[in-house]
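What follows is one structure encoded as structure tokens, with my remarks underneath.
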Amino acid sequence: MSNMPKWLSNARFYEIYPQSFYDTNGDGIGDLNGITAKLDYVKQLGFNALWLNPCFVSPFKDAGYDVADYYKIAPRYGTNEDMYRLVSEAHARDMHVILDLVPGHTSDKCKWFRQSCKPTRNVYSDRYIWSKCVWDRPQGYSWVAGGADRDGCYMLNFFNSQPALNYGFNEITDASWQMSYTDERVQGTLNEMMNVMRYWLDRGVDGFRVDMADSLVKNDEDKTATASLWRKVRTMLDEEYPEAVIVSEWCNAPRSINKAGFHCDFILNHWYKLGHYAFRYVDDKGVNKSYFCKTSHVSAKDMLEKYLDELKQTEGNGYISLISGNHDTERISYTLDESELRLAYTLLLTLPGVPFFYYGDEIAMRYIPQPSKEGGFHRTGTRTPMQWDKTQQNLGFSTAERRKLYLDVDRLDDAPCAKQQMEDPSSLWNLVRTLNGIRQSHVDLQSDAQLKVLHCSSDSVLCYQRGGNIGVVFNPTDEQRTLPLTMGDKLLEIGKATTDGNTTILAPQTAVIFKLK
Ligand code: GLC
Ligand code: CA
């Protein structure tokens, strides 16, 4: 792809929720030095890029997505210098690091917001969206009335503690308080966000995952105005930081990639998307219909249709990223058992685009329902500490007393742990490592290589070609399937595939990566 950071074409991301990865100073919460200490682990597992959830100063009403200071690492994670060291240690291992940029809102504790709340005019007065007066709570969006001395209500972007930054409006319905997104008074917001980006890029960071990227301009139904702002950001990056990457949480690849200029867009778990159909589709009656569920599932065609359409539309412009899950979803092991995960991960690491894995999914960490922490609510069960080693206190996450842990570790006797799985050649951990290794060494399996569907029918079997030379076939069912196919050398075989003449028999729950004949 032209005009693209080159490293993306073979990037495989590992997402780290810093609170829960590794605690090096025994205070019960993960830290940046802990991430640095585990870079070799991530590298050994075969990932070559990290996405870190927000690590900035914050009151943590939304786990750090409520930023109070974009230029400073939260003391509980360490210092800015710790971040610079993390990044340079990652680079020394040929790894890249992207941070989480939250452009749509700040914490209500952010000093920009405190200034904006003042009744007297100042440079931050228009940095947030204020209604005409405190008695005027406009229709649509959410508002806080009486939260400041300033005579107006402020608009929220997510939780009550997250006031919306002002990027203006596309359609103006009341000019007494709405500003156009082209109005001079709102230009400071995007300029400041670009300065935040420059600040971290100048210190070695390789790019950003952009939170709620589609949320900037209000009354922007088809998102054209929001996209035009991101185009400016992309132009700035192309000129100043051509190897920096922006990955959007948008979930509409044609808009994000073609219009807004993002390099990648996530496929989240929205019901009509690949990630949902493939891994997490549970119907109203509680029946698991995920494609990779062995007993009952959607057809490969239904799973792929929308994805193939978006892939075609965005071809040559950017990448669609499939994720194993993230800090907002139930863990993938909630809907798929270990044998199903083996097939699911084979899909994830053999499709085009840039794959993202959530920490702990390599060992099938459990989703553990529990009381909310830091605005997590149902998401808290996905955010528990990484399980390093069965034989160590707190499974090796921290030396703190149990009651001091950020969240408790999985206390089940059979809680999966990294060290034990690393020692077992047949473990899920070792499968993930093998898949990463195969992708790493075959350009045909990387981000840019073409995808051509060879077999996708109602019998649930899926077979596709990547690049000129490689095929991938799946039988996720618990029954044998036969299809007209001959295989060359097998690069990976899960289950069993037997070729007889022009026919291949796939045992239940089989996935094979093979050379085409
Ligand atoms: C995104 C984040 C989520 C956060 C929200 C508000 O969806 O992934 O964790 O709560 O935005 O910033
Ligand atoms: Ca710590």
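The values are calculated or read from the model by the stated rules, or taken from the named source; none is laboratory data. All figures in this text were calculated on a predicted structure; none of them were measured in a lab. Because the Cβ atoms are built from the backbone with ideal geometry, glycine has one as well, and the counts that use them run over all protein chains shown. Side chains included, ligands, DNA and RNA excluded: accessible areas come from the protein's heavy atoms. Shrake-Rupley method; radii C 1.70, N 1.55, O 1.52, S 1.80 Å.
Only beta bridges with both residues in segment 27-182 are counted; by DSSP, about 70 percent of them are antiparallel.
Rounded to the nearest 20 debye, the dipole magnitude of the chain is 140 debye, with +1 charges on Lys and Arg beta carbons, -1 on Asp and Glu beta carbons, and the Cα centre as origin. Look at the dipole of the chain built from charges on Cβ: of 60, 217, 432, the Cα furthest out on the positive end belongs to 60. Rolling a 1.4 Å probe over the heavy atoms of the protein chains gives the chain an accessible area of 38 Å² per residue.
In deg cm²/dmol and to the nearest 500, what is the mean residue ellipticity at 222 nm of the chain if only DSSP H runs of at least 4 residues count, each as -39500 (n - 2.57), divided by the residue total?
Working: 10 runs with 110 residues, N = 517.
The helix-only estimate for the chain comes to -6500 deg cm²/dmol at 222 nm.
Taking 7 Å steps out from each Cα toward its Cβ at residue 283 and residue 507 produces label points 3.1 nm apart.
Taking a ≥ b ≥ c as the square roots of the eigenvalues of the alpha-carbon gyration tensor, segment 52-209 is classed prolate because a/c is 1.5 or more and a/b outweighs b/c. The percentage of C-alpha pairs in the chain whose separation is greater than 33 Å is 41%.
Eigen-decomposition of the gyration tensor built on the alpha-carbon atoms of segment 369-517 gives equivalent ellipsoid semi-axes of 40, 17, 16 angstrom, largest listed first.
The trypsin sites (Lys or Arg not before Pro) of segment 258-344 that meet both conditions, a loop assignment by DSSP and at most 10 other Cβ atoms within 10 Å of the site Cβ, are 285.
Over all pairs of different C-alpha atoms, segment 250-309 has a mean inverse distance whose reciprocal, the Kirkwood radius, equals 12.2 Å. Simple point charges give the picture: +1 on the Cβ of Lys and Arg, -1 on the Cβ of Asp and Glu, and for segment 49-184 a dipole about the Cα centre of about 400 debye. For residue 239 and residue 27, a Förster radius of 51 Å and the Cβ-Cβ distance give a FRET efficiency of 0.75, rounded to the nearest 0.05. The DSSP beta bridges internal to segment 131-261 are antiparallel in roughly 40% of cases. Among 237, 314, 513, which residue has its Cα positioned farthest towards the positive end of the charge dipole of the chain, with +1 placed on the Cβ of Lys and Arg, -1 on the Cβ of Asp and Glu, and the dipole taken about the Cα centre? My answer, from the dipole projection, is 237. Once backbone amide H atoms are built at 1.01 Å from N, residue 499 has 505 as its partners under 5 Å, excluding neighbours fewer than 5 places away on the same chain.
Of all DSSP beta bridges in the chain, what percent run antiparallel (nearest 5)?
60 percent
The distance separating the Cα centre of segment 187-214 from that of segment 49-92 comes to 14 Å.
Which length gain, in nm to one decimal place, applies between residue 120 and residue 151 when the Cα-Cα distance is subtracted from 0.36 nm times their residue separation?
Numbers: separation 31, 0.36 × 31 = 11.16 nm, distance 1.04 nm.
Result: 10.1 nm gained on full extension.
Taken along the Cα-to-beta-carbon direction at a fixed 7 Å, the label points for residue 390 and residue 3 span 5.3 nm. Take the Cα of residue 198, go 7 Å toward its beta carbon, and none of the backbone nitrogen atoms of segment 114-140 fall under 11 Å from that spot. Sorted largest first, the principal axis extents computed over the alpha-carbon atoms of segment 315-453 equal 51, 36, 24 Å. Think of each Lys and Arg Cβ as +1 and each Asp and Glu Cβ as -1; about the Cα centre, that makes the dipole of segment 313-413 roughly 420 debye.
The length gained by stretching the chain between residue 426 and residue 180 to full extension, at 0.36 nm per residue less their Cα-Cα distance, is 82.7 nm. Of the residues 25, 336, 396, the one whose Cα sits farthest toward the positive end of the charge dipole of the chain, with +1 on the Cβ of Lys and Arg and -1 on the Cβ of Asp and Glu, is 25. Residues whose amide H comes within less than 5 Å of that of residue 217, counting only those at least five positions distant or on another chain, are 226 (H built at 1.01 Å from N in the peptide plane).
Assuming a ≥ b ≥ c are the square roots of the Cα gyration tensor eigenvalues, decide whether segment 122-217 counts as rounded (a/c under 1.5), prolate (otherwise, with a/b larger than b/c) or oblate. Note, shape of segment 122-217 comes out prolate. With each label point set 7 Å from Cα along the Cα-Cβ vector, what nm distance links residue 139 and residue 111? That separation, rounded to one decimal, is 4.1 nm. Name the shape class, rounded, prolate or oblate, that the alpha-carbon gyration tensor gives for segment 151-198, where a ≥ b ≥ c are the square roots of its eigenvalues, rounded holds for a/c under 1.5, and otherwise prolate holds if a/b is larger than b/c and oblate otherwise. Oblate is the answer for segment 151-198, as a/c is 1.5 or above yet b/c matches or exceeds a/b. Here, P(r) means the percent of Cα pairs in each 5 Å bin from 0 to the largest distance; for segment 338-381 it is 5, 18, 20, 20, 15, 13, 8, 1. P(r) for segment 93-141, from all Cα pairs and a bin width of 5 Å, is 5, 15, 20, 18, 16, 8, 5, 5, 4, 2, 2, 0 %, short bins first. Residues whose amide H comes within less than 5 Å of that of residue 321, counting only those at least five positions distant or on another chain, are 265, 266, 267, 354 (H built at 1.01 Å from N in the peptide plane). Apolar share of the accessible surface for segment 1-90: 50 percent from carbon plus sulfur atoms, 1.4 Å probe. Angle, helix 300-314 long axis vs. longest principal axis of the chain, Cα atoms, 0 to 90°, nearest 10? For helix 300-314, the angle is close to 50 degrees.
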